[in-house]
Amino acid sequence: MKPQELKAAVDKRRTFAIISHPDAGKTTITEQLLLFGGVIREAGTVKGRKSNHFAKSDWMAIEKQRGISVTSSVLQFQYAGKQINILDTPGHEDFSEDTYRTLMAVDAAVMVIDSAKGIEAQTKKLFKVVKQRGIPIFTFMNKLDRDGREPLDLIAELEDLLGIEGYAMNWPMGMGKGLAGLYDRVDHRIELYRENEAGEKYLPLDQDGKLNPREPLANDSVYTDTLDSIELLNDAGNQFDLKKVMKGDQTPVFFGSALTNFGVETFLKHFVEMAPAPGPHKLRDGRELSPTDPNFSGFVFKIQANMNPNHRDRIAFVRIGAGEFDRGMDVTLARTGKVLRLNNSTEFMADTREQVQTAVAGDIVGLYDTGNFQIGDSIYAGKDPVEYEKLPQFTPELFMRVTPKNVMKQKSFHKGMQQLVQEGAVQLYRTYTTNDYILGAVGQLQFEVFKFRMQNEYNSEVVMTPIGSRVARWIDPDQLDEKMSSSRNLLVKDSQGLPLFLFENQYAERWFADKYPDVKLTAKL
Ligand code: G4P
């Protein structure tokens, strides 16, 4: 590709993830987006909930058993001249560290909130990771077709619970059975929930933001109430500030109903206009790498194993940071210096795998891996070595004690354990005094995948004893006194030998903090 062609192709990319609490409507909205992108023709095909659509694919056996998608996939489509890449972030029981790592590979995030429930636990966790990256966050307040909370409350909650300013791009006119439409503050029109008698979907607003007084809706209380709210927002609400939006300090808020496909296209249109194209990436040596650098490079943010049980293959998901990817190209793996030929790449669209020929910065490619890659690895094609910044570590919340079932099979146990931990499938800790193995994860499924893979790939049956949910806090080794350890705060070492306490709960942590006020406890992301 010529430099101008590469620049044009990169500028078209919009790569983002949708973050939400389970059941807020992420799948439903994704389906609507795919409909607009012309990828699917009817809703209900992404996660044919009742038809168990995913069972048709040849992903991990465990995935088949559960009928869910274990790790995130990538959906691609074109909209308004842009190439959209949506990285799926699993929400339900399949929540894992991969969900967090996926957020390292996107340029923006969309936060879907159930307007009856407001901000829920999982949204808060995912938000924290996105916020730390300083990328733009767009909000969709969903389920307007049901009675929900006051829109002003929902906006206030963004500020109170997440610490991000909200700017309402549109405003609901009623909700539930009384939903009449959306007052669009940007396009200066009202989007009707149901077409009016003339079959109109939109009613224009005049310069003062008012309807033509002859319009029947102009005499309705749902309209006059909305005008009051808009006045309040204009006078006392946040001012729109694109710079703040780009840094993730302000979130544009859209209201709508994914199920009835109301407000979704308005959201998509504005999102595509505002969301950034891929930008420069920080490298480990402090340099910044432009996405239009002619030499291909990228980093592995996720490895999915055994997608095809017949081949025992693994797929390394690579976010392209710069340049253009071509099938068959040679790249160097920065960690080892090994040269690899990339002739087997896949791209994901819904649940079918398609071969990709070329892709550019901003795109995700899946590479068949025979054991070369680790999470966080960088690959590059030019002469100059390129190493992307390290991926952050996340604080696990669930813990298990693990031992081999057959003590005679220590060797395969240790090999499997070492490789799976290195791959990032789970995190490993050792108890301070007895050196017992403790596994840590952010989602229960990570343990199940670990157990399954230990048996299937390393022929090692393991016994796992739950320790349950714990609050992990690292402590400065110089401040550590082994007497601090008690039954309520298990003392362990992480894979780098750094000490941390696994507190039974927040109360135990607070008790500790009161008892040792000078000791600094830190959480990872
Ligand atoms: P998730 O991926 O975030 O977990 O949520 P999903 O889209 O699966 O939606 C969760 C439930 O909420 C689904 O209902 C879905 O139909 C419903 N839903 C999504 N968007 C809206 C909306 O705008 N309005 C209303 N009223 N409901 C919405 P379900 O009964 O759990 O699923 P299903 O079996 O009926 O499909």
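The values are calculated or read from the model by the stated rules, or taken from the named source; none is laboratory data. This one's a predicted model, so the numbers in the text were calculated from it and none came from an experiment. All Cβ positions, glycine included, derive from the backbone under ideal geometry; neighbour counts span all protein chains shown. The accessibility values were calculated without ligands, DNA or RNA, using every heavy atom of the protein model including side chains. Shrake-Rupley method; radii C 1.70, N 1.55, O 1.52, S 1.80 Å.
Descriptive notes on the structure:
- Filter pass, ASP147 being within 16 Å of the ligand (Cβ to nearest atom) and not in a helix (DSSP H, G or I): yes
- Only residues that are over 14 Å from GLU265 (Cβ atoms), part of a loop (DSSP other than H, G, I, E, B) and open to solvent by less than 60 Å² (accessible area, probe 1.4 Å) were counted in the stretch 182-192, giving 1.
- When the stretch 224-265 is filtered for residues that are open to solvent by 10 Å² or more (accessible area, probe 1.4 Å), under 22 Å from the mean Cα position of the chain (by Cα) and over 12 Å from PHE138 (Cβ atoms), the ones remaining, listed by number, are LYS244, LYS247, ASP249, LEU259, GLU265.
- Count - residues of the stretch 142-163 that are surrounded by fewer than 18 Cβ atoms within 10 Å (Cβ to Cβ), among the aliphatic types (A, V, I, L, M) and under 24 Å from the mean Cα position of the chain (by Cα): 2
- Residue match in the stretch 45-56 (condition: among the β-branched types (Val, Ile, Thr), farther than 21 Å from VAL129 by Cβ, at pLDDT below 80 and within 13 Å of the ligand (Cβ to nearest atom)): yes
- Inspection of the stretch 151-169 finds no residue satisfying the criterion of being assigned to a strand (DSSP E or B), touching a residue at least 40 places away in the same chain (Cβ under 8 Å), assigned by TED's automatic domain parsing to the domain that holds GLU231 and within 16 Å of the ligand (Cβ to nearest atom).
- Candidates ASP384, ASP330, ASP326, ASP351 - the one that is out of contact with any strand residue (DSSP E or B) (no Cβ under 6 Å at 6 or more places or on another chain), modelled with pLDDT under 95, surrounded by fewer than 20 Cβ atoms within 10 Å (Cβ to Cβ) and within 22 Å of SER290 (Cα to Cα): ASP384
- The numbered conditions (1) surrounded by fewer than 18 Cβ atoms within 10 Å (Cβ to Cβ); (2) among the basic types (Lys, Arg); (3) touching a residue at least 40 places away in the same chain (Cβ under 8 Å) are all true for ARG473 except (1).
- Among residues of the stretch 485-507 being surrounded by fewer than 17 Cβ atoms within 10 Å (Cβ to Cβ) and not in a loop (DSSP other than H, G, I, E, B), the one that is farthest from the chain's Cα centre (by Cα) is SER486.
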